[in-house]
Amino acid sequence: MLEVGTEAPAFELPDQNGVMHTLEEYKGKKVILYFYPKDNTPGCTKQACGFSERYPQFQEKGAIVIGISKDTVASHKKFEEKYGLAFTLLSDPERKAIEAYDVWKEKKNYGKVSMGVVRTTYLIDENGIIIRANDKVKAADDPEKMLGEVEILR
């Protein structure tokens, strides 16, 4: 996980519609950048729906939400449509941002060790500096917790 106070790494990735996005285009806004393992899994769905439900509140506070996983653009599109997600999902199959943000780690699941995305949420300020970092994310609680973090910063 990257340290609070460091500059957030730049990225250029396609969203669920194939449109390219960079971190630079969000300068001047707070960015909740969350990394998650896989579209349409129970935890990831709870987290995404929670962010989507609260998205108008994030926008009121000058913040945007971006989710990143290594799923394809097509997978993200299906995920967005199935749950009516209101925010941007970025596709990172080559793990460029995933590795730059240090969320590609060894994971243990039922005694089996494999590499994967560790659910991690970063809050990046208007100048591109990481001001909050959490790699002990509880999927269902993360959206409300991050809304509280943005609220504190106002």
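The values are calculated or read from the model by the stated rules, or taken from the named source; none is laboratory data. Just so we're clear, the structure is a prediction, and the values are computed from it rather than from any experiment. All Cβ positions, even for glycine, are placed from backbone atoms using ideal geometry, and neighbour counts span all protein chains on display.
See the values below:
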quantity: Members of region 103-123 found to be in contact with an Asp or Glu (Cβ under 9 Å, 6 or more places away or on another chain) and over 16 Å from residue 44 (Cα atoms), listed by number; calculated: 105, 113, 114, 115, 123
quantity: Qualifying residues in region 127-144 (those that are within 24 Å of residue 107 (Cα to Cα) and of a type in the set (D, E, K, R)) - the one surrounded by the most Cβ atoms within 10 Å (Cβ to Cβ); calculated: 142
quantity: Those residues of region 1-20 which are assigned to a loop (DSSP other than H, G, I, E, B), of a type outside the set (A, V, I, L, M, F, W, C) and farther than 30 Å from residue 81 by Cβ, in sequence order; calculated: 3, 5, 6
quantity: Pairs, first at positive phi in region 127-145, second surrounded by 19 or more Cβ atoms within 10 Å (Cβ to Cβ) and not in a loop (DSSP other than H, G, I, E, B), C-beta under 8 Å, six or more apart; calculated: 128/23
quantity: Residue list for region 36-60, filter: within 18 Å of residue 150 (Cα to Cα) and assigned to a loop (DSSP other than H, G, I, E, B); calculated: 54
quantity: Output for region 84-126, where each listed residue is crowded, with 21+ Cβ neighbours inside 10 Å, of a type in the set (Phe, Trp, Tyr) and outside any strand (DSSP E or B); calculated: 101
quantity: Residue count for region 119-136, restricted to those that are farther than 17 Å from residue 5 by Cα and modelled with pLDDT of 95 or more; calculated: 1
quantity: Close pairs (7 angstrom Cβ cut-off, 6 or more residues apart or separate chains): closer than 17 Å to residue 11 by Cα in region 83-95, at pLDDT 95 or above and part of a loop (DSSP other than H, G, I, E, B) anywhere; calculated: 89/16; 91/71; 91/72; 92/70; 93/70; 93/72; 95/70
quantity: Filtered residue count, region 65-82, keeping only those that are free of Cβ contacts under 8 Å to residues at least 24 places away in the same chain and either at positive phi or not acidic (Asp, Glu) (or both); calculated: 2
quantity: Residue check for residue 73: within 17 Å of residue 45 (Cα to Cα) and either at pLDDT below 95 or in contact with a Gly (Cβ under 7 Å, 6 or more places away or on another chain) (or both); calculated: yes
quantity: Matching residues in region 10-57 - criterion: being within 22 Å of residue 107 (Cβ to Cβ), surrounded by fewer than 16 Cβ atoms within 10 Å (Cβ to Cβ) and not basic (Lys, Arg); calculated: 40, 41, 42
quantity: Residue within region 39-53 that is closer than 17 Å to residue 14 by Cβ, touching a helix residue (DSSP H, G or I) at 6+ places or on another chain (Cβ under 7 Å) and modelled with pLDDT of 95 or more present; calculated: yes
quantity: Residue within region 62-79 that is outside any strand (DSSP E or B) and under 18 Å from residue 133 (Cβ atoms) present; calculated: no
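Conditions tested, residue by residue: (1) among the hydrophobic types (A, V, I, L, M, F, W, C); (2) closer than 19 Å to residue 81 by Cα; (3) without any contact (Cβ under 8 Å) to a residue 60 or more places away in the chain.
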{"site": "22", "(1), (2), (3)": "no, no, yes"}
{"site": "46", "(1), (2), (3)": "no, yes, no"}
{"site": "53", "(1), (2), (3)": "no, yes, no"}
{"site": "63", "(1), (2), (3)": "yes, no, no"}
